[in-house]
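Taking it in order: structure first as structure tokens, then the write-up.
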């Protein structure tokens with residue numbers, strides 16, 4: 001009887017496997033292959049894009065294939081240009097790598113924006129992406145924002161001695177800090193420099209920079225800065241960067257409607273997997289930081305308030321003034337961000 005039961009169970013399992021395989025393709029359509037730009041290596045920040053690629057391939061039985069090129073399609077600063085000329089169907093990009101191309105979009109790069117978690121950030125970014133001016137701005141590059149990478153709050157790993165335990169300790173430190181975070185660090189006396197993520201390890205190792213900021217903790221882990229650092233800011237949270245996945249308008253319009261709907265449906269799955277990847281990265285890399293004996297710097301509430309007083313709203317105000325002169329509805333966009341963050345559920 002046990003043997004018969006085992007045979008029955010194995011037979012049922014085989015049947016389920018066949019059914020599962022047969023139902024993997026749920027969306028029919030023509031053969032389509034997309035090239036999508038990216039850089040570095042597969043990591044937590046790319047989990048959303050990789051998940052989306054796997055999802056559409058599975059759901060179409062391989063008929064819709066998204067090939068994510070990690071450094072194989074172009075350098076980070078040229079990927080948006082490649083989409084605009086049709087060499088790529090879509091790409092990941094970071095606005096701080098070429099802010100002059102889309103000045104309004106850099107609103108999401110402002111320091112100390114109230115993004116306490118990835119859920120709030122997702123709500124804000126999705127609303128921001130629907131603003132007509134943002135759509136119009138990226139349309140100049142024949143693209144539109146599809147989803148966000150939801151980069152976590154940045155933190156610093158550095159080699160300077162003594163470590164910056166107060167705001168005044170940052171004065172004169174050479175730091176890799178891009179976008180609005182760079183502007184914030186300049187306000188407190190640091191000397192920011194903007195370089196691609198792939199260059200950071202060597203600069204930190206050689207002492208060309210005293211500290212480097214990255215989305216914490218996954219990027220410090222991915223780019224191995226913890227191997228050459230001596231200390232880690234555990235709660236400064238000076239802001240994050242806007243690194244969306246943008247899709248070429250022409251490529252999107254050529255896509256069959258059922259594939260467009262599939263991408264939209266897959267976005268929620270991609271976001272969920274990306275958030276999960278960040279949590280897993282924290283579990284892994286915080287342990288690595290401790291194993292490497294990095295000194296964890298934790299600022300008090302009073303110190304954090306001091307940082308924000310000096311480097312948050314003053315930078316926001318300067319951004320609004322500068323972008324308004326360029327014809328950007330800067331005040332409206334900043335208000336949209338703050339209102340959306342306030343309205344978003346915090347848990």
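Bear in mind that the values in this text are calculations on the coordinates, not laboratory data. Treat the numbers as computed from the prediction; the structure is a model and nothing was measured. Backbone-built Cβ (ideal geometry, glycine too); neighbour counts: all protein chains shown.
Which order, highest average first, do 86-93, 65-72, 210-217 follow once you tally other Cβ atoms within 10 Å for each residue and take the mean per peptide? Spell out each step's value before the answer.
On the way: 86-93: 23.1, 65-72: 15.1, 210-217: 26.5.
Per-residue Cβ counts within 10 Å, averaged per peptide and sorted highest first, yield 210-217, 86-93, 65-72.
Under the √(5λ) rule applied to the eigenvalues of the Cα gyration tensor, what semi-axes describe the equivalent ellipsoid of region 74-137? Give them in Å, descending.
Numbers: eigenvalues 108, 34, 29 Å².
Working through the eigenvalues yields semi-axes of 23, 13, 12 Å.
Report for the chain the percent antiparallel among DSSP-assigned beta bridges with both residues inside it, nearest 5.
Values: 14 of 31 bridges.
For the chain, the DSSP antiparallel bridge percentage is about 45.
Over the chain, with a single point scatterer placed on each C-alpha, what log10 of the ratio I(q)/I(0) does the Debye formula yield at q = 0.06, 0.13, 0.14, 0.15 1/Å?
So the normalised log intensities work out to -0.25, -1.01, -1.15, -1.29.
Averaging sequence separations of C-alpha pairs under 8 Å and six or more residues apart, then dividing by the length of the chain, give the relative contact order as a whole percent.
Over the chain, the number comes to 24 percent.
Going by alpha carbons, how many degrees (0 to 90, nearest 10) lie between the helix axis of 330-343 and the longest principal axis of the chain?
So the inclination is approximately 60 degrees.
Distance in nm between label sites at residue 279 and residue 313, each 7 Å beyond Cα in the beta-carbon direction?
For residue 279 paired with residue 313, the spin-label model returns 3.5 nm.
Per the Kirkwood formula on distinct C-alpha pairs, the Rh of region 152-255 is how many angstrom? Write out the running numbers ahead of the final one.
Details: mean 1/r = 0.0699 Å⁻¹.
About 14.3 Å, per the Kirkwood formula over Cα pairs.
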